[in-house]
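Contents: one structure, followed by commentary.
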Amino acid sequence: MSLFSFKSVKSVFVRTAIAFALVVVSAIASAAPAHAETSDRYIREFLQAKEPVPVQVNPSGETRLFSPDDLYEGKRLFMDHCINCHVGGSTLPSPTISLSEEALQGATPPRDNLDSLIAYMREPMSYDGSEPIYWCREVTERWMPQETIEKLAAFILRAANVAPGWGSDNFDL
Ligand code: HEC
């Protein structure tokens, strides 16, 4: 008799514990996406973006604000589509043409602002701007509309501006 009641208590306990665990798990799962965006450690610490930050949009130096969520989205796109050749802002197949601020500035025309960086991504050109090249990844309008490619470009520029080690050989994104 005592064994029986012990068992039933235990099973009630187990059932309650399982139900509780399910509630906790689903609460975490539903809260996670919103949280991950603003609390991504890389965005906060390496990109120093706890609030919207200015990114240069054209050669004359105008800027536009991008939120931590925009940069997070840009980082996600970068991780999905560019990282294989550009880990940590480097360019593995062609190390001198990295995504560092210095390298972007040195290109013709300079690629250190949103408009020209996007123009490059739409049609990758040689470093001296003289001819199209085919070993970087072309980003078509159909693949990433303007609004999406802007976030990717903003991520790259913010990283080039402030992330320690971005574009050098020993950076680990
Ligand atoms: C298959 C490898 C590969 C992939 C994938 C790739 N790239 Fe590249 N990328 C290169 C190479 C190689 C160069 C140097 C090209 C040259 O010789 O001018 C380059 C150059 C660049 C440059 C010019 C850097 C400078 O200093 O002027 C930018 C910007 C760039 N890539 C962005 C991107 C973005 C954004 C993506 C993802 C959508 C991407 N790349 C994906 C190989 C790649």
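What follows is calculated from the coordinates using simple rules that are stated; it is not laboratory data. Note that the coordinates shown come from a computational prediction; the quantities given were computed from them, not determined experimentally. FYI the Cβ positions are ideal-geometry reconstructions off the backbone, even for glycines, and counts take in every protein chain you see.
Couple of notes before you dig in:
- Rounded to the nearest 0.05, the FRET efficiency derived from the C-beta distance between VAL162 and MET79 at R0 = 25 Å is 0.85.
- For MET125, residues with placed amide H under 5 Å, excluding near neighbours: ILE133
- Between ILE133 and SER94, the modelled labels are 0.1 nm apart [label points 7 Å from Cα along Cα→Cβ].
- Amide H contacts under 5 Å for PHE66, placed H, 5+ residues apart: VAL53, VAL55
- The 3J(HN,Hα) values that the Karplus relation (6.51, -1.76, 1.60; θ = phi - 60°) gives for region 91-104 are, in residue order, 10, 4, x, 8, x, 6, 9, 7, 9, 5, 4, 4, 5, 5 Hz. Gly and Pro appear as x.
- When both region 130-158 and region 114-129 are represented by their alpha-carbon centers, they are found 8 Å apart.
- q = 0.14, 0.21 Å⁻¹: log10 I(q)/I(0) that the Debye formula gives for region 42-162, counting C-alpha atoms only: -0.53, -1.30
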